[in-house]
Amino acid sequence: MNFITKTFGINVKKWRNIRGLRQEDLADLLSIHANTVGRIERGEHFCKPETIDKIARVLQIKPSDLFMTNSKNFFLILPDWVITIQDTLHVSS
């Protein structure tokens, strides 16, 4: 596996988790098998450009975000459950 494939996989997993999706959920949204999502996230499989675009749309990010290292965006976007807890506790982020 190369650096780009590994970085891409790590970012898919991070963004999937930020969005509160399981591998199975992402697979359903992409119309692919859940095992393929796992292989992508482990850096064992790389996607066609069309699939990269679809992943980005599903995760509500730019395709380039899937290739970034140490992206500050991971720390700026809170999962929905964190926002719900903050709203319940009236905590500001």
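Residue pairs whose Cβ atoms lie under 9 Å apart, sitting 6 or more positions apart in sequence or on different chains, and linking a residue in the range 1-12 that is under 15 Å from A56 (Cα atoms) to a partner that is modelled with pLDDT under 90, are T7/M68; T7/T69; G9/M1; I10/T69; N11/M68; N11/T69; N11/S71; N11/F74. Restricting attention to the range 28-40, the residues that are of a type in the set (A, V, I, L, M), in a helix (DSSP H, G or I) and open to solvent by less than 60 Å² (accessible area, probe 1.4 Å) total 4.
Is at least one residue of the range 4-18 assigned to a loop (DSSP other than H, G, I, E, B) and at pLDDT below 95? No, because not a single residue in the range 4-18 is assigned to a loop (DSSP other than H, G, I, E, B) and at pLDDT below 95.
Say whether the condition of being in contact with a Cys (Cβ under 7 Å, 6 or more places away or on another chain), modelled with pLDDT of 95 or more and on the phi < 0 side of the Ramachandran plot is met by at least one residue in the range 29-41.
Restricting attention to the range 29-41, the residues satisfying the condition of being in contact with a Cys (Cβ under 7 Å, 6 or more places away or on another chain) are 40.
Next cut, modelled with pLDDT of 95 or more only: 40.
Adding the requirement that they be on the phi < 0 side of the Ramachandran plot leaves 40.
The answer is yes, given that some residue of the range 29-41 is in contact with a Cys (Cβ under 7 Å, 6 or more places away or on another chain), modelled with pLDDT of 95 or more and on the phi < 0 side of the Ramachandran plot.
Can you name the residue in the range 41-51 that is without any contact (Cβ under 8 Å) to a residue 24 or more places away in the chain and outside any loop (DSSP other than H, G, I, E, B) and, of all such residues, is most open to solvent (accessible area, probe 1.4 Å)? Within the range 41-51, the match that is most open to solvent (accessible area, probe 1.4 Å) is E50. With respect to D25, determine if the residue is modelled with pLDDT of 95 or more, open to solvent by 50 Å² or more (accessible area, probe 1.4 Å) and in a helix (DSSP H, G or I). No, not satisfied. Within the range 3-20, the presence of at least one residue that is loosely packed, with under 15 Cβ neighbours inside 10 Å and of a type in the set (F, W, Y) is confirmed. Residues in the range 53-66 that are touching a residue at least 24 places away in the same chain (Cβ under 8 Å) and on the phi < 0 side of the Ramachandran plot: K54, I55, V58, L59, I61, D65, L66.
The values are calculated or read from the model by the stated rules, or taken from the named source; none is laboratory data. Model, not experiment: these values are computed from the prediction. Cβ sites come from the backbone with ideal geometry, for glycine too, and all protein chains shown count toward neighbours. In case anyone asks, the SASA skips ligands and DNA or RNA and just uses the protein heavy atoms, side chains included. Shrake-Rupley method; radii C 1.70, N 1.55, O 1.52, S 1.80 Å.
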